[in-house]
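A short worksheet on the structure shown next.
The values are calculated or read from the model by the stated rules, or taken from the named source; none is laboratory data. Quick caveat: nothing in here was measured; it's all calculated off a predicted structure. Ideal geometry is used to build each Cβ from the backbone, glycine not excepted, and the neighbour counts take in all protein chains shown.
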Amino acid sequence: MGRTPTLTIGQHSEAGRKERNEDSFGILIPGEPLLTTKGIVMAIADGMSGSEAGKEASESCVKSLLSDYLCTHESWSVQTSVERVMVAVNRWLCSQGMALSPGGMGMVSTLSALILKSGTVAYIFHIGDSRIYRLRGGGLESLTRDHRMQVSDNKTYLSRAMGVDTDLKIDYRKIEVEAGDVFIFTTDGVHDFLPDAEIVTTIASASTLSEAATRLAASALEHGSTDNVTCQIVRIDDTGVEDDDVYFQKLQALPFPPDLEPGMVLDGYRILRELHASKRSQVYLAVDTETDLRVVIKTPSVNFEDDEAYLERFSREEWIGRRLASPHVLKIIEPKRRKQCLYYISEYVEGPTLRQWMADHPTPGLMEVRDLVAQIAMGLRAFHRREMVHQDLKPENILIDNYGTVKIIDFGSVKVTGLEEVASPVDAGGVLGTLAYTAPESWLDQPSTNRSDIFSLGVIAYEMLTGARPYGDGFSSRRSAQRRSFVPATHHNPDLPAWVAAALAKAVARDPEKRYDALSAFTADLSRPNTAFLTHEKRSWIEKNPAGFWKSTALLLLATVVVLLYRLLG
């Protein structure tokens, strides 16, 4: 987490020549950890004067965005979070508006919002004709486009706004932010009556931003504005981005744990035995000395004590796991006592890995494979609903407990869209995951998506049913990702139904656009024949037209009998 960005804010709003002020505006700076994961929210809204409840509409837009956005999941991207909030608010406005004025414009408002995340990136969301400007180096730029329709020389109407239609179309853009940038939020009662040059000179000459906002509103009224006048100005004095040394010091705040041996006690957890060890981590079975609950403790390897990318990924594993809730994903346990060193705790799952299960079941039945794949898919959905991509799905990272329940483990390679937006001096670099199961786009500078996990799941299903993998040892370079040949599943298992082989082929297609776009579609096609596959596969005559086959066979037999009788009687 970086330093808190430093802002200077100026605001002014008044009814002007109208009886009621239907504009709304606001800024919310949350505390940590939301300041890092969600950012600072700024918004302005202008209730349409012709609607029954314009003021209520604009207040609902601003208040809902400021509060509800922060309640969205921390792993979601800014775009996903804001758009879901705006869609929900818009539906509410539409329903309330219909109750107030059936067939009319009951609750309608514009909405322009800016989310400042990481201090260096701003996300703009806009609908209507309120505006957001950026003033940088004396130049004024409008970051939004008015949604207006010209109906006559002096008459315009809003072409898009909140509360008009349930089919909401939102303008979205992402921009870089620098210290010294000034963002100006205005309603049309201000910007329709002021030239850009006057906005710039007023802000430059004012002693404070509050004075500048007040003067801009007053100037708009002097220029003949007959509308409400609202102006909100925000200057980014310091982006809050900390230097690399400070960031790395925070990653190294907790020391690495010592070598753990059976009988040792770490923060109230007695070590029973080592479960697994690799060059990257160690995993131990332990028992909570207070509750007798058996848990698993994962510790980092001292080989990576100075590797910032490794430390960041290891620290994220606990954060990710505690935000996932699924019976098919390993549960991360929140420690009851203060940790003295770097590790995290998870539930203990007694049972083999999928790799061990595959060794014990070299020729599993199709029904068994379908069940396992379906459970893995349910676990993956928990990631995908949170805009996470596992990126290292393989048999070794899947456990099967004594009741046959599948659980996905190891979150060290997980991509979190929301955290990808948080500025970090650490460059993870390279391809994450295991080559044999990693999708080819990882080598082609293409982003990992849910389809990348579907590829990995497809490879696992293919391997369970054939004992081989569709691309051999997988991809190890850009060249191999582009050229390595796919081997159909029926090549290794001729008894496999053609429609199952087709489903596997689609799941592991080299081009992500040709893969399944949903896990449910893949699991469905493994459960029953997809007619699209049946129409393309090579089938025998009896499969294609059984009635015609048997009619022809009967005629042929009849002709044969006639010939035989003729010869016999002759």
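Kindly evaluate LEU457 against the criterion of being surrounded by fewer than 22 Cβ atoms within 10 Å (Cβ to Cβ) and of a type in the set (A, V, I, L, M). Considered against the rule, which asks whether it is surrounded by fewer than 22 Cβ atoms within 10 Å (Cβ to Cβ) and of a type in the set (A, V, I, L, M), LEU457 comes out as no.
Residues in region 274-300 that are over 25 Å from TYR310 (Cα atoms) and in contact with a Phe, Trp or Tyr (Cβ under 9 Å, 6 or more places away or on another chain) were compared, and the one that is surrounded by the fewest Cβ atoms within 10 Å (Cβ to Cβ) is THR289. Looking at region 161-204 only, could you name the residues that are among the polar types (S, T, N, Q) and either farther than 20 Å from GLY139 by Cβ or not assigned by TED's automatic domain parsing to the domain that holds HIS147 (or both)? Correct list: THR166, THR187. Within region 308-323, the only residue that satisfies the criterion of being surrounded by fewer than 16 Cβ atoms within 10 Å (Cβ to Cβ) and outside any helix (DSSP H, G or I) is ARG322.
A quick yes/no check of all residues on (1) buried (at least 22 other Cβ atoms within 10 Å of the Cβ); (2) out of contact with any Phe, Trp or Tyr (no Cβ under 7 Å at 6 or more places or on another chain); (3) closer than 24 Å to GLU59 by Cα:
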| residue | (1), (2), (3) |
| --- | --- |
| SER112 | yes, no, yes |
| ARG136 | no, yes, no |
| GLU141 | no, no, no |
| ARG145 | no, yes, yes |
| MET149 | no, no, no |
| THR156 | no, yes, yes |
| SER159 | no, yes, yes |
| VAL164 | yes, yes, yes |
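Evaluation of TRP357 against the conditions (1) surrounded by fewer than 15 Cβ atoms within 10 Å (Cβ to Cβ); (2) more than 28 Å from the chain's Cα centre (by Cα) shows that the sole unmet condition is (1).
Can SER49 be described as among the hydroxyl-bearing types (Ser, Thr, Tyr), modelled with pLDDT of 95 or more, under 30 Å from SER101 (Cβ atoms) and touching an Asp or Glu at 6+ places or on another chain (Cβ under 7 Å)? Here the answer is no, as SER49 does not meet what is asked. Scoring PHE256 on the criteria (1) surrounded by 14 or more Cβ atoms within 10 Å (Cβ to Cβ); (2) hydrophobic (A, V, I, L, M, F, W, C); (3) modelled with pLDDT of 95 or more leaves a single failure, condition (3).
Within region 462-507, the only residue that satisfies the criterion of being surrounded by fewer than 16 Cβ atoms within 10 Å (Cβ to Cβ), part of a helix (DSSP H, G or I) and in contact (Cβ under 8 Å) with a residue 40 or more places away in the chain is GLN482. Selection of strands (runs of 3 or more DSSP E) fully inside region 1-111 by the criterion of at least 2 residues being hydroxyl-bearing (Ser, Thr, Tyr), more than 24 Å from ASP167 (Cβ to Cβ) and touching a residue at least 60 places away in the same chain (Cβ under 8 Å) returns 6-14.
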